[in-house]
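Visitor: This structure is in structure tokens; I'll ask about it shortly.
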Amino acid sequence: MSDCKKKTAHNIAEIKKALGSSDGRTVGLVPTMGALHRGHLSLIERAARDCDTVVVSIYVNPTQFGPTEDLEGYPRQLDKDIEMASGAGADIIFAPADDELYPAPVFTEIKINELVGLLCGKKRPEHFSGVATIVVKLVNIIKPDIIYFGEKDWQQFVIVKKVFKDLNVDTLVVGMPIVRDADGLALSSRNRYLSQKQRRSAKALPAALELAHDMIKNGERRKDKIISAAKEVIAAEPSLELEYFSICHPENLVEVETIKGEMLLAAAVDAGGARLIDNKVIKI
Ligand code: AMP
């Protein structure tokens, strides 16, 4: 049995026992929904460099899925994930069951008043409330010094930072760069839903962001021109349906009117039912 398998906690009592008293040792937390890939591993490796003890949570959180989303079919591969996380430097895996984290009846969730109706929140109105609630619960259980998020989910990263600030959560939030496949597609647990044809088409998503960035680097300042060129790249792939393409402020996520300063280029597409997101933070 691998060391980490011995240290897999399936409930709150077990994780508290595995953590013991911290005695001044720093604890890093990497929250995931499992089906791990190199993107997740980059967060775990960073946590292992920064912290004495690295906890990886593997939990498909039901409260962040909408009623018609892929909760049931979301890929689950706990044994493989434990091996991968352990190889990347995880000391303890926390893989709780639903009734451990949400024992009925549950009366409480985090309500966020801004940022949640923009970008991905337009299509997923309850999503970020579910994310914030599970993240704060995990932090209250594990009490990490540092928590790690991928910048692939940029809106999640921004919202978690703001929730922690507003609720005086004392854990440092660290963002890590997007890990991509060779053709540019950001790694995602949902990429495994793609057929070969959809997978080939999906590279149009990072390509559209690159094109927008290149146009800006080359001096284009007409936002409508940039967005329509980027949209054309997506439209050329019939298996992709664009959800949004945004050029907005990286922290308040409000659409920019003029192309200048720090900006977030962000897009989401539907590829035959698989929702893919990507972004790029740029500065001119
Ligand atoms: P998930 O399991 O999809 O909830 O993701 C868990 C964490 O891994 C989140 O903080 C994600 O932003 C991060 N993550 C997912 N994909 C990538 C990627 N391609 N590069 C970097 N981080 C990622």
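Visitor: Among the residues of the stretch 270-283 satisfying the criterion of being in a strand (DSSP E or B), touching a residue at least 24 places away in the same chain (Cβ under 8 Å) and more than 16 Å from the chain's Cα centre (by Cα), which is surrounded by the most Cβ atoms within 10 Å (Cβ to Cβ)? First the steps, then the outcome.
Guide: Initial filter on the stretch 270-283 (in a strand (DSSP E or B)): 270-271, 274-283.
Checking the rest, the ones that are also touching a residue at least 24 places away in the same chain (Cβ under 8 Å) come to 270-271, 274-282.
Filter again for more than 16 Å from the chain's Cα centre (by Cα), leaving 270-271, 282.
Numbers: 270: 14, 271: 23, 282: 18.
This residue is 271.
Visitor: Looking only at the stretch 149-185, how many residues end up being closer than 16 Å to residue 132 by Cα, basic (Lys, Arg) and either in contact with a strand residue (DSSP E or B) (Cβ under 7 Å, 6 or more places away or on another chain) or surrounded by fewer than 16 Cβ atoms within 10 Å (Cβ to Cβ) (or both)?
Guide: Adding up the residues that qualify gives 2.
Visitor: Mind checking whether some residue in the stretch 255-269 is among the β-branched types (Val, Ile, Thr), in a helix (DSSP H, G or I), under 20 Å from residue 154 (Cα atoms) and in contact with a strand residue (DSSP E or B) (Cβ under 6 Å, 6 or more places away or on another chain)? Step through it out loud before you land on a result.
Guide: Filtering the stretch 255-269 down to residues among the β-branched types (Val, Ile, Thr) leaves 256, 258-259, 269.
Filter again for in a helix (DSSP H, G or I), leaving none.
Within the stretch 255-269, not a single residue is among the β-branched types (Val, Ile, Thr), in a helix (DSSP H, G or I), under 20 Å from residue 154 (Cα atoms) and in contact with a strand residue (DSSP E or B) (Cβ under 6 Å, 6 or more places away or on another chain).
Visitor: Okay, next question. Residue check, residue 13 against (1) surrounded by fewer than 20 Cβ atoms within 10 Å (Cβ to Cβ); (2) more than 16 Å from the ligand (Cβ to nearest atom); (3) within 14 Å of residue 86 (Cβ to Cβ), all met but one. Which one?
Guide: So the condition that residue 13 fails would be (3).
Visitor: Moving on. Within the stretch 153-200, how many residues turn out to be near the ligand (Cβ under 9 Å from one of its atoms) and touching an Asp or Glu at 6+ places or on another chain (Cβ under 7 Å)?
Guide: The number of residues fulfilling the criteria is 7.
Visitor: Take the conditions assigned by TED's automatic domain parsing to the domain that holds residue 149, part of a loop (DSSP other than H, G, I, E, B) and on the phi > 0 side of the Ramachandran plot and apply them to residue 23. Does it pass? Even if it seems obvious, please write down each step before you answer.
Guide: Numbers: assigned by TED's automatic domain parsing to the domain that holds residue 149: yes; part of a loop (DSSP other than H, G, I, E, B): yes; on the phi > 0 side of the Ramachandran plot: yes.
When the stated conditions are applied, residue 23 passes them.
Visitor: Suppose the filter is at pLDDT 95 or above, of a type in the set (Val, Ile, Thr) and more than 23 Å from the chain's Cα centre (by Cα); does residue 82 pass it? It would help to see each step written out before you state the result.
Guide: Numbers: at pLDDT 95 or above: yes; of a type in the set (Val, Ile, Thr): yes; more than 23 Å from the chain's Cα centre (by Cα): no.
No; evaluated as a whole, the condition is false for this residue.
Visitor: Would you point out the residue of the stretch 1-49, among those that are farther than 22 Å from residue 153 by Cα and among the small types (Gly, Ala, Ser), that is modelled with the lowest pLDDT?
Guide: 2
Visitor: Please verify whether residue 117 is of a type in the set (Gly, Ala, Ser), in contact (Cβ under 8 Å) with a residue 24 or more places away in the chain and assigned by TED's automatic domain parsing to the domain that holds residue 67, treating the condition exactly as stated. Spell out how you get there, then give the answer.
Guide: Numbers: of a type in the set (Gly, Ala, Ser): yes; in contact (Cβ under 8 Å) with a residue 24 or more places away in the chain: no; assigned by TED's automatic domain parsing to the domain that holds residue 67: yes.
Criteria not met by residue 117.
Visitor: Might you check whether a residue that is farther than 21 Å from residue 120 by Cα, under 25 Å from the mean Cα position of the chain (by Cα) and among the aliphatic types (A, V, I, L, M) occurs anywhere in the stretch 182-192?
Guide: Taking every residue of the stretch 182-192 in turn, at least one turns out to be farther than 21 Å from residue 120 by Cα, under 25 Å from the mean Cα position of the chain (by Cα) and among the aliphatic types (A, V, I, L, M).
Visitor: Looking only at the stretch 18-68, count how many residues are under 26 Å from residue 270 (Cα atoms) and free of Cβ contacts under 8 Å to residues at least 24 places away in the same chain.
Guide: The qualifying residues number 2.
Visitor: Take the stretch 250-269 and flag every residue that is out of contact with any Cys (no Cβ under 8 Å at 6 or more places or on another chain), more than 14 Å from residue 188 (Cβ to Cβ) and surrounded by 14 or more Cβ atoms within 10 Å (Cβ to Cβ). Steps first, please.
Guide: From the stretch 250-269, those out of contact with any Cys (no Cβ under 8 Å at 6 or more places or on another chain) are 250-253, 257-262, 265, 267, 269; that's our starting set.
The next check asks that each one be more than 14 Å from residue 188 (Cβ to Cβ); those that pass are 250-253, 257-262, 265.
Hits for the stretch 250-269 are 250, 253, 259, 265.
Visitor: Mind telling me which of the residues 165, 225, 231, 260 ends up being in the same structural domain as residue 110 (by TED's automatic domain parsing) and free of Cβ contacts under 8 Å to residues at least 40 places away in the same chain?
Guide: Numbers: 225 fails: in the same structural domain as residue 110 (by TED's automatic domain parsing); 231 fails: in the same structural domain as residue 110 (by TED's automatic domain parsing); 260 fails: in the same structural domain as residue 110 (by TED's automatic domain parsing).
Testing whether each residue is in the same structural domain as residue 110 (by TED's automatic domain parsing) and free of Cβ contacts under 8 Å to residues at least 40 places away in the same chain leaves just 165.
Visitor: On the given criteria, is residue 208 buried (at least 18 other Cβ atoms within 10 Å of the Cβ) and away from the ligand (no atom under 16 Å from the Cβ)? Give the steps one after another, and end with the answer.
Guide: Working: buried (at least 18 other Cβ atoms within 10 Å of the Cβ): yes; away from the ligand (no atom under 16 Å from the Cβ): yes.
Yes.
The values are calculated or read from the model by the stated rules, or taken from the named source; none is laboratory data. Since the structure is predicted, the reported quantities are computational estimates derived from the model, not experimental observations. Using ideal geometry, Cβ is built from the backbone for each residue, glycine included, and neighbour counts are taken over all protein chains shown.
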